[in-house]
1. In percent, what relative contact order does the chain have, based on Cα pairs under 8 Å that are 6 or more apart in sequence?
2. Using only Cα atoms and rounding to the nearest 10 degrees, what angle (0 to 90) does helix 81-91 make with the longest principal axis of the chain?
3. List the residues whose amide H sits under 5 Å from the amide H of VAL29, counting only those 5 or more places along or on another chain, with H placed 1.01 Å from N in the peptide plane.
4. If you roll a 1.4 angstrom probe over the protein chains with everything in place, what fraction of the accessible area of the chain belongs to carbon and sulfur, to the nearest %?
5. Quick one: accessible area per residue over the stretch 1-95, 1.4 Å probe, rounded to a whole number of Å²?
6. Using alpha carbons only, how many degrees (0 to 90, rounded to 10) separate the axis of helix 43-61 from the longest principal axis of the chain?
Amino acid sequence: MTPSSSSGPIQRFDVGLRLSEMAIHNGTVYLAGQVPTDANADMRVQTQQVLDAVDALLARAGTDKRHILSTQIFITDLADFPVMNEVWDAWVAPGHTPPRATVQAQLATPGWKLEIVVVAALP
């Protein structure tokens, strides 16, 4: 069997010079790395800001956090890992915890404490 060369159009949202905030293709939603709006806030606030951004983008796509297929979390300081997990645990949909990786990384903007990348399915 030969794979199809076309499986539908790619929808892109908030297209900029370097990235789109979201793309949808073949029933899968891909989010760009979501970052906090307040680089001066603590990890708890920054994590909530990022998860709120994830919720908003998923809603625009017609899906929600119950349909997340995978998550990658980048944090600048592993000492903030427990606080980030507290906010994550309160946010994640019970029974729908997605596969997740968390790594320490230097982020593009000073003050950002985390960046979250999400891939989700359309219902």
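1. RCO, the chain: 33 percent.
2. Tilt of helix 81-91: around 50 degrees.
3. The answer is ALA120, ALA121, LEU122.
4. Percent of accessible area from carbon and sulfur atoms in the chain: 54.
5. Values: 5540 Å² over 95 residues.
Spelled out: the 1.4 Å probe surface of the stretch 1-95, per residue, equals 58 Å².
6. Helix 43-61 and the main axis of the chain meet at about 20 degrees.
The values are calculated or read from the model by the stated rules, or taken from the named source; none is laboratory data. Nothing here was measured: the structure is a model prediction, and the numbers come from that model. SASA here: full protein model, heavy atoms, side chains in, ligands and nucleic acids out. Shrake-Rupley method; radii C 1.70, N 1.55, O 1.52, S 1.80 Å.
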